[in-house]
Amino acid sequence: MNIEAVRAIYGFEMSRWGRTLMQSIVSPVLSTCLYFIVFGSAIGSRISQVDGIDYGAFIVPGLVMMLLLTQSTLNASFGIYFPRFTGTIYEHLSAPVSAFEIVLGYVGAAATKSVILGLLVLVTASLFVPLRIAHPFWMIVFLLLTAITFSMLGFIIGIWADGFEKLQIIPLLVITPLTFLGGTFYSVKMLPPFWQTVTLFNPVVYLISGFRWSFFEISDVNVGVSLLMTSLFLAVCMAVAWWIFRTGYRLKA
Amino acid sequence: MPAVIRVEGLSKTYASGFTALKDINLEISQGEIFALLGPNGAGKTTLIGCICGIVNPTAGKITVDGKDIVADYRAVRAMIGLVPQELATDMFETPWATVNFSRGLFGKPQNHAYVEKVLRALTLWEKKDSRIMTLSGGMKRRLLIAKALAHEPRILFLDEPTAGVDVELRREMWEIVRKLRAEGVTIILTTHYIEEAEEMADRVGVIAKGEIILVEEKNELMRKLGKKQLVLQLSAPLTEIPAGLGAYDLHLGADGNELTYTYDTRAERTGITALLNDMRAAGVTFKDLSTMQSSLEDIFVDLVREKR
Ligand SMILES: Nc1ncnc2c1ncn2[C@@H]1O[C@H](COP(=O)(O)OP(=O)(O)O)[C@@H](O)[C@H]1O
Ligand SMILES: [Mg+2]
C-alpha cells in the first residue's frame, strides 16, 4: 500500500479546500443555515410540529443530508476532474499507485470536507432550535456512510464528465430535486398514499429517514432498510469505480 | 551496457482505429541518453505513454529492469520519472507544494532537503512560493522536470523538452540533461530537431509512421554523416573501373558515364588529389564534377520519405 500517495492526494485536496475558505466552507454553511431559519420560522409558524417534533428541529437532519449530498458530489467530482482538465492526471497515471489508493485519497478528502460542513451546520442549528441526538453513534454512521457514498458518486461523475457543465448537471438536476422530494421539509407520511409509494423509489428518502431517526427516533422507512439501501448504493459506486480503473475508461487512451 | 528497458512487439491502435505504433522492438541501455527522433505524429509520445502507463498498449511486452510494467507496476513506476510534452501544471499551487506532492505520490517519504536540492538545481528556489501561473514557460518546463525528479528516479523520460523553447533555454536544458546523466540517470528524450539528437544523444532511434526505422550509435551516425561523395561526369563511358584505380572507394553508375568517389571529410586526407592524378595516369577524363554530402538531416528526410 502506497500510504505516502494517499497522504499526498488527501493533503493536496484538503489544502486546496482550505485555501478557498469563503467559497468552500462559509458559503455552503451559510446558505444551509438560511434554509432552516427561513423555512423553520415561516413554515414553522403554521406547522408547529411533525410527529411530535418541533418543525424547526425536524428539518435539520434533512438539510444536513442535502448539504452532505451536494457537497460530497461537487467536491469529489471537481477533485478528480480538475487534474483531467489541466492534464496533470498524467502524474497519477504514471505513479506507482493503485486505483484503490487514488480513490481513497480523493473520496476520503471529499467525504472529510462534507462531514466537517455537516457538523458545522449541526452546531449552528443547535444555536437556533432545540436539537437532541438520540443515537449519536448511528448519527455518525449515517453521516459517514452518506458522505463516502456520494463522494464516490462524485468521483465517478468527475471521471465521466467532459466539461464543467456536466460536473454541475447531476448535483443540480438530480440530487437537489431528489433531496427536496425526499422528505427534507416534510414527513413522507404527510403525502397521499400514491405519492408515498412513488417516493419509495427515491434513494434519498432512505438516507434522510435513517439520519432523522438517529436524532428523533422517528422514521418514514425502517432504519434497517435505510442502512441496507445506503450500503447497497455504496457497493454499486465502488463497483463502477473499480471498473473505471480496470478498463482505463476516460483515463487512458 | 545491460538493457534497462526492453520493448518487444509493441503495437498501439487507438480507439479511433488509428495505428500509432507498429511492432516496436527497442532496447535502452543503462545510463545512456537515447534520443527518439521523428517528425510530428510519428508516435513518440504514444511510445513513451505505453512505457509509463498512460496509454494501454494493444500488443507487446515491456520490461524495465527485468520487471514487467503491468504485473510489477509499482516497482517499475517508482524507477521512472516523466516530463510530459504539454505544460500541464496546477496553476494555483506553488512549486514547493507541487514538487513535494509528486514525491509523495511516488511513494517516497517527505524529504525537504532533497526537494530543496532539486529546486535549486533547476534554479527554481527563488520561485518556490510563487503561484505556478506566474512562472514563465521555461520555468514551468523546469518545474515539470523537478516534479519528475522528486522521487529520485533512475530513468527519466523527456518528451520534446525543447519544443518551442528559445536557443538559450535549449542550451540550459541540454546542460541539465548532461548533469543528470553524469549522476547515472538513464535518459530517453524525444525530439524532432536533428541537431538536438546530435548534440545530446549517445544513441539515436528514428521513428516514423509508428515504426522504428533505425537505431544507431550517434557516433556511427555521425560517421555516415561525415561521408561525402565526389561525382565525376566522364567524357567517355567506361565498362569497368580501371585496374589502376582499384585502391579507391569508387562506384560506376549511369551506364558507365558517372564515377562516384566516397570519402570521409574528417579523415586527414580526402584522397581527391591522388585520385585525380591516378585517373589521368589511367587515361580517364571527365567533363564535369560535383560533390554531395549526406547529412543526418538527409538521412532522416530520406528515411522518413520512404515511409510515406
Ligand atoms: N488519443 C488518441 N486517439 C487517436 N489518435 C491519437 C491519439 N493520440 C495520438 N493519436 C495519433 O497517433 C499518432 C501519433 O501521435 P503521437 O504519439 O503524439 O506522435 P508524436 O509524439 O511523435 O508527435 C498521431 O497521428 C496522432 O494523431
Ligand atoms: Mg509528441
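The values are calculated or read from the model by the stated rules, or taken from the named source; none is laboratory data. None of the values given here were measured: they were computed from a predicted structure. We place every Cβ from the backbone using ideal geometry, glycine too, and count neighbours over all the protein chains shown.
Here are the numbers for this structure:
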| read-out | value |
| --- | --- |
| Scan of region B:73-96 for residues that are under 19 Å from B:E152 (Cβ atoms) and without any contact (Cβ under 8 Å) to a residue 12 or more places away in the chain, ordered by number | B:A75 |
| Residues of region B:61-87 that turn out to be assigned to a loop (DSSP other than H, G, I, E, B), within 8 Å of another protein chain (Cβ to nearest Cβ) and buried (at least 18 other Cβ atoms within 10 Å of the Cβ), as a count | 1 |
| Residue in region B:156-164 that is within 16 Å of ligand 1 (Cβ to nearest atom) and surrounded by fewer than 18 Cβ atoms within 10 Å (Cβ to Cβ) present | yes |
| Number of the exception - B:L47 against (1) modelled with pLDDT under 95; (2) within 16 Å of ligand 2 (Cβ to nearest atom) | (1) |
| Odd one out for B:V55, checked against (1) at the interface with chain A (Cβ under 7 Å from one of its Cβ atoms); (2) touching a Gly at 6+ places or on another chain (Cβ under 8 Å); (3) surrounded by fewer than 20 Cβ atoms within 10 Å (Cβ to Cβ) | (3) |
| Neighbours by Cβ (under 9 Å, 6+ apart or cross-chain): first from region A:106-133, closer than 20 Å to A:G79 by Cβ; second part of a helix (DSSP H, G or I) and acidic (D, E) | A:Y106/A:E13; A:G108/A:E13; A:A109/A:E13; A:A110/A:E13; A:T112/A:E13; A:K113/A:E13 |
| Flag if B:A148 is within 16 Å of ligand 1 (Cβ to nearest atom) and within 12 Å of chain A (Cβ to nearest Cβ) | no |
| Residue, surrounded by the most Cβ atoms within 10 Å (Cβ to Cβ), within region B:88-98, restricted to residues that are at the interface with another protein chain (Cβ under 10 Å from one of its Cβ atoms) and at pLDDT 95 or above | B:T98 |
| Residue in region A:204-214 that is of a type outside the set (G, A, S) and not in a helix (DSSP H, G or I) present | no |
| Among residues of region B:101-129, those that are hydrophobic (A, V, I, L, M, F, W, C) and not in a helix (DSSP H, G or I), counted | 3 |
| Region B:106-119: number of residues that are within 13 Å of chain A (Cβ to nearest Cβ) and free of Cβ contacts under 8 Å to residues at least 12 places away in the same chain | 3 |
| Every pair of residues 6+ apart whose Cβ atoms lie under 6 Å, when the first sits in region A:5-32 and is at the interface with another protein chain (Cβ under 9 Å from one of its Cβ atoms) while the second is buried (at least 19 other Cβ atoms within 10 Å of the Cβ) and not in a helix (DSSP H, G or I) | A:A5/A:V97; A:A5/B:G107 |
| Test: residue in region B:52-60 that is over 30 Å from A:I3 (Cβ atoms), modelled with pLDDT of 95 or more, in a loop (DSSP other than H, G, I, E, B) and more than 10 Å from ligand 1 (Cβ to nearest atom) | yes |
| Some residue of region B:135-147 being assigned to a strand (DSSP E or B), modelled with pLDDT of 95 or more and either assigned by TED's automatic domain parsing to the domain that holds B:P84 or within 16 Å of ligand 2 (Cβ to nearest atom) (or both) | no |
| Of all residues making up region B:25-52, the number that are more than 12 Å from chain A (Cβ to nearest Cβ) and either over 17 Å from the mean Cα position of the chain (by Cα) or of a type in the set (D, E) (or both) | 2 |
| Qualifying residue in region B:15-24 (condition: more than 10 Å from every other protein chain (Cβ to nearest Cβ), crowded, with 19+ Cβ neighbours inside 10 Å and either farther than 27 Å from A:M14 by Cβ or within 16 Å of ligand 2 (Cβ to nearest atom) (or both)) | yes |
| Filter pass, B:F101 being within 14 Å of chain A (Cβ to nearest Cβ) and over 28 Å from B:P2 (Cα atoms) | yes |
| Contacts under 8 angstrom Cβ, first residue in region B:15-30 being free of Cβ contacts under 8 Å to residues at least 40 places away in the same chain and part of a strand (DSSP E or B), partner more than 14 Å from ligand 1 (Cβ to nearest atom) and not β-branched (V, I, T), 6 or more apart | B:E27/B:A3; B:E27/B:R6 |
| Qualifying positions in region B:183-207 - assigned to a loop (DSSP other than H, G, I, E, B) and of a type outside the set (S, T, Y) | B:E183, B:G184, B:V185, B:H192, B:A201, B:D202 |
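So that you can scan it fast, the table gives a plain yes or no per residue for (1) more than 13 Å from A:I9 (Cβ to Cβ); (2) within 14 Å of the chain's Cα centre (by Cα):
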{"position": "A:F58", "(1), (2)": "yes, no"}
{"position": "A:L68", "(1), (2)": "yes, yes"}
{"position": "A:G105", "(1), (2)": "no, no"}
{"position": "A:T112", "(1), (2)": "no, yes"}
{"position": "A:L119", "(1), (2)": "yes, yes"}
{"position": "A:F128", "(1), (2)": "yes, no"}
